[in-house]
Amino acid sequence: MGYQLREVSVPILAKGSSDIRILHFSDLHLTPRRKREIADIKSWASLKPDLVISTGDFLAHRNAIPVALDAIEGLLDIPGLYVFGSNDYYAPMFKNPLSYLRLDDGTRKLGAKLPIDELDRALTSRGWINLNNRRNQITIKGVSIDLSGTDDAHLELDDYSKVAGKPAGDISIGVTHAPYLRVIDAMKQDGIDLIFAGHTHGGQVRVPWFGGSKSLTTNCDLPNWRSRGLTKEEDAPWLNVSAGMGYSPFAPIRVFCPSEVSLVTLTSR
């Protein structure tokens, strides 16, 4: 297995509720050549989740849409939610890796546009729910889940005003690609219970630190200590940030930061 399965529990369901297993993946950055990653992704169906959430960046190549759809084929008959990241809209370009450590001035180097509408149509045709600046609701095991999502904040495509409002379901989930604080804080104000995000790659290159490793960047304004995994601040939503499976073809390394997929089990309070 070329990835880490990160398993966590979040106690947000009403007493007596059955557990809900959520498979959360992000940042596949797929190209036709990534045979091992494709095989790993295909194995996820054996985890038998009740719900699948993708927080974007499926692609890293103009011919990767059929590759991505084939890789996740075993998951597409399971209820699913998704948003897109910058690499779903534009092919990756070379950039100095050290630029990720500098303060973000908003400059973006974008490659050729990708046929994102093709991927969107394919996912919705299988019943997955597009949450790019959209609200929706889904019922899993008798639990009504209010859903709020944003489009990619890294490209400033997010518009939370389109989804703002207090949740009406038994629980509420927020979905975004890049966990910028403006999105996290807006979801906090609405009282959302649990947020799923990606984008950070867990720092991608981490340094040894007390009790594990430490990221040097999140590639957004999220604090580094929240760069991967499940975290929570007082009176704020739980936040699960996936370190992702892939990487840009121009930065094909991970140091102290293995590829990962999350299995998040919602349990009763």
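No lab work stands behind these numbers, since they all come straight from the coordinates. This one's a predicted model, so the numbers in the text were calculated from it and none came from an experiment. A quick note on method: Cβ atoms are made from the backbone with ideal geometry, for glycine too, and the neighbour counts reach across all protein chains shown.
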Please build a GNM for the chain, connecting alpha carbons under 10 Å apart, and tell me which residue among MET187, MET245, MET93 fluctuates the most. MET93
Rounded to 5, the percent of DSSP beta bridges in region 4-268 classed as antiparallel: 40
Percent relative contact order of the chain, based on C-alpha pairs within less than 8 angstrom and at least six residues apart? 27
Build a GNM of the chain with springs between Cα atoms under 10 Å: which of SER161, SER172, SER86 gets the top mean-square fluctuation? SER161
Enumerate the calculated ³J(HN,Hα) couplings along region 252-268 in order (Karplus 6.51 cos²θ - 1.76 cosθ + 1.60, θ = phi - 60°), each rounded to whole Hz, writing x wherever the residue is Gly or Pro. x, 9, 9, 10, 6, 8, x, 4, 8, 9, 9, 10, 9, 9, 7, 10, 6
Give, as a single signed number, the net charge of other residues whose beta carbon lies under 13 Å from the beta carbon of LYS15, with Lys and Arg counted +1 and Asp and Glu -1. -1
If we count every other residue with Cβ under 14 angstrom of VAL205's Cβ, Lys/Arg +1 and Asp/Glu -1, where does the sum land? +4
Given only helices, namely DSSP H runs of n ≥ 4 each adding -39500 (n - 2.57), what is the per-residue ellipticity at 222 nm of the chain, to the nearest 500 deg cm²/dmol? -3500 deg cm²/dmol
For region 1-139, compute Rg over Rh where Rg is the Cα radius of gyration and Rh is the Kirkwood radius from the inverse mean 1/r over Cα pairs. 1.00
May I ask which of LYS162/LYS188; LYS166/LYS232; LYS42/LYS95; LYS15/LYS232; LYS15/LYS48; LYS48/LYS214 have a Cα-Cα span longer than 25 Å here? LYS42/LYS95; LYS48/LYS214
Under a Cβ-Cβ cut-off of 12 Å, what is the net charge of the residues other than ALA60 that fall near it, where Lys and Arg count +1 and Asp and Glu count -1? -1
Sorted by chain and then number, the residues having a modelled amide H within less than 5 Å of the amide H of SER144, at least 5 places away or on another chain, are ASP170, ILE171
With the cut-off at 1.5 for a/c, could you classify region 127-213 from its C-alpha gyration tensor as rounded, prolate or oblate? prolate
What's the longest uninterrupted piece of the chain once you rule out the chymotrypsin sites (Phe, Trp or Tyr not before Pro) that are loop residues per DSSP with at most 16 other Cβ within 10 Å? 95-209
Checking GLY16, GLY174, GLY246 against a Gaussian network model of the chain (alpha-carbon springs below 10 Å), the top fluctuating residue turns out to be GLY16
Any number yet on Rg/Rh for region 4-268, C-alpha, Kirkwood? 0.93
Compute the distance from the alpha-carbon center of region 70-92 to that of region 145-196, in whole Å. 19
